[in-house]
Structures are given as structure tokens and as C-alpha cells.
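Working notes, beginning with the structure itself.
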Amino acid sequence: MNTLLETFPQKTAVAPLSHPPPAARRARILVVDDDLFMRESNARMLNRLGYEVDLANDGVDAWQALNDNRYDLLITDQQMPWVTGLELIQKLRSEAMTLPVILATGAVPTEELNRLPGLEIQAVVQKPCPLEKFLQTVNEVLAATGIVPPGAAPTPNGHPQP
């Protein structure tokens, strides 16, 4: 059966990159959304907070970016043409990429999430999402991976103070 996931180019194995200490670099985030306004407004907010942000307008472009770059977080819309957010996440996980993911959606696809185990989505935000909640979610997901949000004071173990 030919599925959308089979249309992705094959990824070659790449040795894992070592991660510098959290304070040594800015977190790099890939924002994927087919809505130009949402994509650019999210990028502006995240840039103002000190994050490095790349953009993709659909799942196909996102897959290329994920293979060409190293990211600390993927924020993806669910409803997009060609490849949905869940299909992108499925492909990500099928390639053993452990990148943290935030799924942004107008309607939480609970039934799909229940039938697709192993997606390891760190957070789901419902669109439209209040700015403070969106930014809090991004900071919490990154903090859980050991990345100190910009402007937060790190503790001796490298994690942000509450």
C-alpha cells in the first residue's frame, strides 16, 4: 500500500551529535505550519525570547529541514496539505529521531493519537493558543530536556529555577 509516509526520501544513518552544555547555545526550534501568519508570528515570539527558529510551510519541507539540521524542538501544526503533523511525527519516530515535539491543532485528534502508539508527543496545544500558555509549554518542554529557557537562571544541575 502506498502511503504518504513512503514519499519521504530515505534517511541515511548519521552519528549522534554531542550536545554542549545548556547555557552554551541557543535552543533551535523548527516551526511547521501551513498558515503563514501563524508560522511567522510564532517565530517572531520565539526569536524575541532568544530562541533560534527555522520555518517550514508543510511536512515535506519540515522533513527536509529535519534531515539537514539539528533541532532541539519541533512544533508542528496537525492539519497541513500533503503530510499532516501526525504523519510527520510518525516518520520522525520511525527513523529513531528522539526530538521533542509539540503538536499544535485546532481540534485535538484524540482518536488518532490513541491508535498511533509510540509518537512520544511531549505536549499538545489547541489553536488558537494564548501566547503565555504557548510560550510556557515551549519552555517546559525544553526544560524537561535540560535546555535552559532564555533569561532563566540555571541551577547547579543545569536546569532552570522554577
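Summary of computed values
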item	result
Of all residues making up segment 34-83, the number that are within 15 Å of Met97 (Cβ to Cβ), of a type in the set (Phe, Trp, Tyr) and touching a strand residue (DSSP E or B) at 6+ places or on another chain (Cβ under 8 Å)	1
Among the candidates Asp72, Asp77, residue that is surrounded by 21 or more Cβ atoms within 10 Å (Cβ to Cβ), out of contact with any His (no Cβ under 6 Å at 6 or more places or on another chain) and more than 22 Å from Gly106 (Cβ to Cβ)	Asp72
Residues satisfying the stated conditions in segment 1-54, i.e. closer than 21 Å to Pro81 by Cα, of a type in the set (Val, Ile, Thr) and at pLDDT below 50	Thr3
Matching residues in segment 126-162 - criterion: being part of a strand (DSSP E or B) and either surrounded by 18 or more Cβ atoms within 10 Å (Cβ to Cβ) or at pLDDT below 70 (or both)	Pro154, Pro160
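The values are calculated or read from the model by the stated rules, or taken from the named source; none is laboratory data. Being a predicted model, the structure only gives us computed values, none of them experimental. Positions of Cβ are backbone-derived with ideal geometry, glycine not excepted, and every protein chain shown enters the neighbour counts.
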